Structures are given as structure tokens and as C-alpha cells.
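Laboratory data are not the source of any read-out in this text; all were calculated from the coordinates shown. Given the structure is predicted, the values throughout are model-derived calculations rather than measurements. Neighbour counts run over all protein chains shown; Cβ positions are idealised from the backbone, glycine included.
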Amino acid sequence: MNNRLCRYLLASLMVAVLCAACVSRPKPGLAPIPKTRAVADQLFQQAEQKYQASAFPEALALYSNYLSRYPDEPLAAAALMRIGGIHAQQGNVAQARKAYSQLVTDYPSSPQRPEAVLELLSMLLREGKYSDVVSQSAEALKIVGAAPQQARAFTLAGDAHAALGQHLKSVEAYVRALRLAAEYGLLVTGGTD
């Protein structure tokens with residue numbers, strides 16, 4: 001009986017070694033393609049389709065689902081931007097601010113970060129927090145890079161200065177915005193007929 005047990009154990013060991021040898025292994029130097037990326041992209045596209053169809057509650061749910069499941073995927077910041085925009089459009093200012101602030105904080109190298117910063121400034125302006133707009137516009141100008149974004153930041157700062165009665169500073173900010181707009185061809189001028 002001892003012989004029979006030894007043969008059984010030896011046969012089991014051989015089967016285990018053969019099975020282990022047959023398991024496919026990734027080739028050295030090649031990273032496996034994550035299956036979650038395709039699933040993540042599909043979920044984001046579903047959210048985009050709902051957004052484009054103006055089905056905002058459904059889009060919001062899908063973007064939120066995407067963000068909770070795939071916070072490290074490349075489109076996570078874009079999902080936050082859409083979440084903030086939907087909340088802002090629905091009048092949920094606190095939720096919009098939370099989404100934009102999370103984008104600014106959690107995704108510092110995202111191309112959506114400058115727009116989120118400008119949205120935060122714009123929300124402050126609409127809320128009548130003019131001093132906050134003025135104090136934060138200098139930092140915003142360090143973050144935004146493109147001329148249209150810089151022009152918008154100067155315009156928001158100009159509006160805040162004007163509301164505070166700081167007319168000279170307001171004019172200076174507007175002039176800087178206009179110079180940027182003119183320099184980069186952002187102004188639309190009407191012709192004379």
C-alpha cells in the first residue's frame with residue numbers, strides 16, 4: 001500500500017509540473033494589454049453619448065461610475081470635467097465646485113486642469129466673491145497656458161475688479177485680455193457695409 005501511495009504522489013506531481021509548464025507566460029519585455037482599458041473606454045463613450053443626447057442624469061451616473069471604477073485611466077479628468085459641468089448646469093454649485101476642485105488637485109498634469117481652474121473662478125464671480133476671484137486669478141494665470149484661457153482669466157479678474165469698484169485695475173485686466181485676443185486672432189471684428 002505504501003508503494004501505491006508513492007506512485008500516486010509521483011503521478012500527481014508529474015501532472016502538476018506538466019500543467020505548470022503548459023501555462024502561457026507573457027513574453028519578456030512586453031506589457032500585457034489591460035482588458036479594463038477597453039471596458040473603461042466603452043463606459044466613457046456611453047456617458048458621452050448620453051451627454052450629447054442631453055440625457056444629463058444618465059450621463060452623470062455613467063461618468064460617476066466611470067470615475068469610481070477607473071480613477072487612474074486617462075479619461076478620468078475628462079469625466080470630472082463633465083461631472084462638474086452637469087452639476088453647474090443643474091444648479092448644484094457645491095457639487096460642481098467639488099468636481100472641478102478634485103480635477104485640479106488629483107490630476108495636475110491633465111489638459112482639462114486649466115479649464116477647471118477657470119470654471120472655479122467663474123463660479124466665484126457668479127457667487128459675488130469678487131475678492132476671491134482677484135486673489136485667485138494670479139494663481140490661475142500660472143496654470144492656464146493658452147492665450148484664450150489667459151484672456152478669459154484676465155476678463156474674469158477685470159469683472160471682479162469692476163464689481164469691487166477698482167476701475168483702474170479692471171481696465172488694466174481688460175486691456176491685457178484684449179491684447180491677448182488681438183495678438184492671437186481671437187477677436188471677431190464686424191465689417192462695415
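Got a sec? Which of R113, R126 is of a type in the set (D, E, K, R) and buried (at least 16 other Cβ atoms within 10 Å of the Cβ)? Talk me through it step by step, then tell me what you get.
Working: R126 fails: buried (at least 16 other Cβ atoms within 10 Å of the Cβ).
Exactly one of R113, R126 is of a type in the set (D, E, K, R) and buried (at least 16 other Cβ atoms within 10 Å of the Cβ), namely R113.
For region 52-106, enumerate the residues that are hydroxyl-bearing (S, T, Y), farther than 20 Å from L125 by Cα and in a helix (DSSP H, G or I).
Here is the first cut: in region 52-106, the residues hydroxyl-bearing (S, T, Y) are 54, 63-64, 66, 68, 70, 100-101, 105.
Filter once more, keeping what is farther than 20 Å from L125 by Cα: 54, 63-64, 66, 68, 70, 105.
Across region 52-106, the qualifying residues are Y63, S64, Y66, S68, T105.
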